[in-house]
Each structure stands twice: as C-alpha cells, then as structure tokens.
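Below is one structure, written out as structure tokens; the observations come after it.
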Amino acid sequence: MAVLVDITKCIGCESCSVACKLYNKLDFKKEPRNVKDGIIDLDDNNWTVIQQRVNKNDDIRFVKKQCMHCKEPACASACFSKAIQKDENTGAVVYYPDLCVGCRYCLVACPFEIAKYQWDEQFPQVAKCQMCDKRVEHGEAPACVSACPTGALTSGNRDELLAKAHKIISSDSRYINHIYGENEVGGGEWLYISDTPFEELGFKTVSDVPVTSYTKSYLSKVPVLASAWALFLAGLAYYNHRCDQNKKSDNDGKE
Ligand code: SF4
Ligand code: SF4
Ligand code: SF4
C-alpha cells in the first residue's frame, strides 16, 4: 500500500486529520504542543497535520504531513528492541509499544523528524502515523484517505501510483517534474506531486541514500556497546511494564 498526495487538489479542509484522530482515538481537546511561526507541526497527539504554506508567487498551498513509511526506515534500523518494524505486506512502518524500551533513538534517527514522544504520560510511548495498518491489512484505505473529499489522497499499489504520478506530470504543465518520496532517503510509501517546488512548501531536502546505510555501518563498529545498551534499556522497559501492571492491579483491586 502506498499513498499519492496531489498538493494541487488539497483545499485544507482537515477532514483527513479529523479522521486520523477519530480512528486512532487521539484527543481532540489537547492543545497542539509543536507550533512554529504559526504553523502546527506533528506531536504525540497529532499524527498528521495540514500545514498552510505560501509559495514564491504568494499562492497558498496546503501540505499534509505524516510519517513517510520509508522503504528503509531509519527509525526501525536505530531501534535495538525491534519496537519499530517495516511490514513488507502493508508497507507500513509500525510501532509496537510493548517492545519499546523508551530510548528514543528512533526520534533522533528519523530524517523527517516525524516520530514524537508522549512526554506528559507516566508511561510514555513513541507516537506516529501507523498507516492504519489494520485497515490496510483488510484491504481498506487508510482513514485519512477515505475521508478526503477532493481526491487529493489516493491509495494503491506503489508502482501503479508512481506510473499515475509520472503520467500526470508529463500531461499537465502545471506540475513540477519531481515526485517527493519516490527516491528521498531510498523512497517511501507516501508520494507527493505538486505545482510548487517542494522546498518552498517546507519539505526537507534530503539525500536519496537511505539513512540505514549509515546506522548499519555505525552499529557494526560498536557491537559490544550496542548490546550492553540494549540490555540495559530492555531491563528498564521490563521494570516500567511491571510497574504499569502493578499499578493497574492496584486500581482494579480498588474498584
Ligand atoms: S519518516 Fe521517519 S518515522 Fe517514518 S518510517 Fe521514515 S524514518 Fe521512520
Ligand atoms: S494513515 Fe492512518 S494513522 Fe496515518 S495519518 Fe492517515 S489516518 Fe492517520
Ligand atoms: S481531506 Fe483532502 S482536501 Fe481536505 S485537507 Fe486532507 S488532503 Fe486536503
């Protein structure tokens, strides 16, 4: 599963971000914690946001932002405890909280600064778009895609979406000749086409080389340190999960 975002069709209605919150049971009342220059960015409670941008011609464009579901995800490669894994069937890069040791290496590793942390929670987890993997497993489109009223979001087979994107670009002179996500850091499952250069819309300019090529080489040079650190973090996670379970048992006993 991949998703093609056509920025020229987005009207900024935010149906997609509302659908994401509904489907993932995120809090509608919480204030966004990550606002820079008046633009709301992702946080632990906002797995997708619509950012209003103004291009060099003073035209307004709306940009949907969420995890890119990289083909070679740096977040997963940085995670010693396998709490983030690429599902080759759905294409989703999925977070498994029960395996997480809270080291937050994934936050640092992500070249798009997508993964966030639940700093306010007693037992915090990493938070990011899961690509609605359970829906995708059952052949459904992600919730945000289903909610989009303008056709700005299309889900489907990645190769077919890429072919469609190339066809649109070659047949309509408004579009720039760049599909963001086709090759960036090795490519991802979220692809964007636009009539405005991506750097004018706040997209990061990144290399086509997957970040995993660096993390793999670094980890191979520090195997002892990595193993010791992983063991320490696994112990810490076990302790935290036990505390969590004890707290739940105490609460159950009181009810
Ligand atoms: S965009 Fe970041 S969080 Fe998402 S899969 Fe890629 S590296 Fe991981
Ligand atoms: S794919 Fe699912 S989790 Fe990701 S932004 Fe869309 S609705 Fe949210
Ligand atoms: S639902 Fe579609 S048109 Fe509305 S903000 Fe999201 S991507 Fe844009």
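The values are calculated or read from the model by the stated rules, or taken from the named source; none is laboratory data. Worth saying up front: this structure is predicted, and the values here are computed from it rather than measured. We place every Cβ from the backbone using ideal geometry, glycine too, and count neighbours over all the protein chains shown. SASA here: full protein model, heavy atoms, side chains in, ligands and nucleic acids out. Shrake-Rupley method; radii C 1.70, N 1.55, O 1.52, S 1.80 Å.
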Original post:
Which shape class applies to region 1-107: rounded if a/c is under 1.5, otherwise prolate when a/b exceeds b/c and oblate if not, where a ≥ b ≥ c are the square roots of the Cα gyration tensor eigenvalues?
Top reply: prolate
Original post:
Where the centroid of each part is defined by its Cα atoms, how far is region 96-120 from region 42-66 in Å?
Top reply: 22
Original post:
Using a ≥ b ≥ c from the Cα gyration tensor of region 130-214 (square roots of the eigenvalues), is it rounded, prolate or oblate, where a/c under 1.5 gives rounded and otherwise the larger of a/b and b/c decides, a/b for prolate?
Top reply: oblate
Original post:
Which one of Ala78, Asn57, Leu42 is farthest out on the positive end of the charge dipole of region 41-80, using unit charges on Cβ (Lys, Arg +1; Asp, Glu -1) and the Cα centre as origin?
Top reply: Asn57
Original post:
Counting only the heavy atoms of the protein chains, how much of Ser173 is accessible to a 1.4 Å probe, in Å² to the nearest 10?
Top reply: 120
Original post:
Listed highest first by mean packing, meaning other Cβ atoms within 10 Å per residue, what order do 145-158, 62-75, 178-191 come in?
Top reply: 62-75, 178-191, 145-158
Original post:
If you plug each phi of region 19-26 into the Karplus form 6.51 cos²θ - 1.76 cosθ + 1.60 with θ = phi - 60°, what whole-Hz ³J(HN,Hα) values come out, in order, with x for Gly and Pro?
Top reply: 4, 4, 5, 4, 5, 9, 6, 8
